[in-house]
Structures are given as C-alpha cells and as structure tokens.
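Read through the structure below, which is laid out as structure tokens, and then see the notes.
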Amino acid sequence: MHRKPLECTHDNEPGPRRKLPEDIGGHPSFNSIHTLRETIESVRTQDYPGWEHIVVDGGSTDGTVELLKEYRHILWVSEKDEGHYHAMNKGLQRARGDIVNILNSDDCYRPGL
C-alpha cells in the first residue's frame, strides 16, 4: 500500500500547501551492534516530517536483532543474504516512498538533514 504524501505549509510562504515526498532511510547491516544505535538515532532525529526507516540485516549474531527490536518505528528483516549490495537491493524493494537514502550501518546523518 502506497501512502499519501504529507502536506505542509510554511508560515512565511503564501499560497497553497506543498506536498512533500516521502523519504526512505534504509541501510544494510551485519553484526553492527557497536555502531547501529548511533546510526538509527541519527535517522530518527531528523526534522523531515515524512520518512520510513528500513534496516536489512544479514542474519547478525552479535545482538543486532535485539537492538532492532527496541525501535518500533523501524521496518526490518534479519536473514542471510548475498552481501552488502544484495541487502541494499532488498531494502529498495521494500521501500514505498519517493526518495531513497541508503546509509551504511556505521554512518550517521548530521542533525537537521
């Protein structure tokens, strides 16, 4: 099911409401327990109003899955894959938005992206 884009207005801009595209923040992961929380928080704290967060994990055994369970907003899967690019493609197939950002599980967004 494709969701309707969010509408927003800016107090200092006259005229009709603009529709913002949905943004997808997705990233591949494998045994990333030491970096994943910071990555997730960097996505979660962005000020863009309409986004979806997808994590495709390659079957981690280091506690990554338990960490993912802490974040109810994340759409995630943990299963064996064929590597980094395969995981990226699996995330793209699950994405429902108009804009897709792929962020590795040891990278972070700057605040306010």
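Just for the Cα atoms in region 20-102, what are the lengths along the principal axes, largest first, rounded to whole Å?
Ordered largest first, region 20-102 gives principal extents of 38, 24, 17 Å.
Kindly identify region 54-113 as rounded, prolate or oblate by the Cα gyration tensor criterion: order the square roots of the eigenvalues as a ≥ b ≥ c, call it rounded if a/c is under 1.5, otherwise compare a/b with b/c, prolate if a/b is larger, else oblate.
In terms of gyration-tensor shape, oblate.
Taking the Cα centre of region 20-102 as the origin and placing charges on Cβ (Lys, Arg +1; Asp, Glu -1), which of Asn89, Ser78, Val55 is farthest toward the positive end of the dipole?
So the residue furthest toward the plus end is Ser78.
Could you compute the FRET efficiency for Asn89 and Thr45, with r as their C-beta to C-beta distance and R0 at 22 Å, rounded to 0.05?
Once rounded, the FRET efficiency stands at 0.20.
Taking H as built 1.01 Å from N, whose amide H comes closer than 5 Å to the amide H of Phe30, not counting residues under 5 places away?
Those lying under 5 Å, H to H, from Phe30 are Gly58.
May I ask you to derive the relative contact order of region 20-102, considering only C-alpha pairs under 8 Å and at least 6 residues apart, and to give it as an integer percent?
46
Apply the Karplus curve 6.51 cos²θ - 1.76 cosθ + 1.60, θ = phi - 60°, to the phi angles in region 89-105 and return the couplings in whole Hz, x for Gly and Pro.
Using θ = phi - 60°, the values come out as 5, 4, x, 4, 5, 8, 5, 10, x, 9, 10, 10, 10, 9, 10, 5, 6 Hz.
When ranked by the protection proxy of mean other Cβ atoms within 10 Å per residue, highest first, what sequence do the peptides 51-61, 100-110 form?
Top of the packing list down: 51-61, 100-110.
Quick one: Karplus J couplings for region 37-44, per residue in order, coefficients 6.51, -1.76, 1.60, θ = phi - 60°, nearest Hz, x for Gly and Pro?
Listing the rounded values in order: 4, 5, 5, 4, 4, 5, 6, 4 Hz.
We did not get these values from a lab; they are worked out from the coordinates using the rules stated. For clarity, every value in this text was computed on a predicted model and none was experimentally measured. Note: ideal-geometry Cβ built from the backbone for every residue, glycine included; neighbour counts use all protein chains shown.
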